[in-house]
Amino acid sequence: MALLLLVCGSYAVPGQSAPKLPGNVQQNDKPTGGEDDGPQTVSHREMLKEMELKREEGDYKEHLARAKENAQLAVELQETYARQKTLQASELKKLSRMEKLARQIRSRAGGEENKDELKEAPVEIEAALERLAGLSTELQKKVESTPRQVVSTAVIRRANEVVELVKYIRTLYR
């Protein structure tokens, strides 16, 4: 019986107009988004802004952590090579991880894929690893000194150099 009333009540009767709604309410009972929305809508917007801010802060902390990890891996690679005079499979994995981190850093900084080749590539692996450690440390410092809302060409440039140098070092070991 209730179903029948519901179904019948949903059809319009010819000749009758729809009921008048308040000015800021549309047919679907949602506010139009005017400035004098209720306190629930304002607090909802504030909550969303706060959540977005926390997400951005978390993303920035991850960005900083990537730069720090990249620099640490570069130093570890340099030290390992100085001791062993070779790079094992685990070190090659670290190189891949460094490339991935540098790409993520570059992307977060607003950069895109680098189309330039590595300039003045070191001939010896030891010199390449030393340069990689230096670039990674510079990259970390640039990331730490750049506010989260800023697009930094210096960060993008250093990240591109790290990516290209990692690729070059891997070609030396193939």
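Laid out as a table, the results:
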quantity: Single residue of Leu5, Leu48, Leu77 found to be modelled with pLDDT under 50, assigned to a helix (DSSP H, G or I) and more than 24 Å from Val151 (Cβ to Cβ); calculated: Leu5
quantity: Residue check for Lys93: more than 24 Å from Thr153 (Cα to Cα), at pLDDT 95 or above and in a helix (DSSP H, G or I); calculated: yes
quantity: In region 118-161, the residues that are within 20 Å of Glu56 (Cβ to Cβ), surrounded by fewer than 17 Cβ atoms within 10 Å (Cβ to Cβ) and among the small types (Gly, Ala, Ser); calculated: Ser145
quantity: Within region 114-127, tally of residues that are of a type in the set (Asp, Glu) and part of a helix (DSSP H, G or I); calculated: 1
quantity: Filter result for the condition that a residue is under 19 Å from the mean Cα position of the chain (by Cα) and either charged (D, E, K, R) or farther than 30 Å from Lys54 by Cα (or both), over Arg106, Arg131, Arg83; calculated: Arg106
quantity: Residue within region 104-117 that is surrounded by fewer than 19 Cβ atoms within 10 Å (Cβ to Cβ) and at pLDDT 95 or above present; calculated: yes
quantity: Out of Ala65, Ala89, sole residue that is over 22 Å from the mean Cα position of the chain (by Cα) and surrounded by fewer than 20 Cβ atoms within 10 Å (Cβ to Cβ); calculated: Ala89
quantity: Which listed residue, of Glu124, Glu161, Glu117, is closer than 26 Å to Glu91 by Cβ and in contact with a Leu (Cβ under 7 Å, 6 or more places away or on another chain); calculated: Glu161
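Matching residues to (1) in contact (Cβ under 8 Å) with a residue 12 or more places away in the chain; (2) in a helix (DSSP H, G or I); (3) of a type in the set (Asp, Glu):
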site: Lys100; (1), (2), (3): no, yes, no
site: Glu112; (1), (2), (3): no, no, yes
site: Leu129; (1), (2), (3): yes, yes, no
site: Ala133; (1), (2), (3): yes, yes, no
site: Val143; (1), (2), (3): yes, yes, no
site: Arg148; (1), (2), (3): yes, no, no
site: Ala159; (1), (2), (3): yes, yes, no
site: Ile169; (1), (2), (3): yes, yes, no
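The values are calculated or read from the model by the stated rules, or taken from the named source; none is laboratory data. Remember, it's a predicted structure, so these values are computed and weren't measured experimentally. No Cβ is skipped: glycine too gets one built from the backbone with ideal geometry, and neighbour counts run over all protein chains shown.
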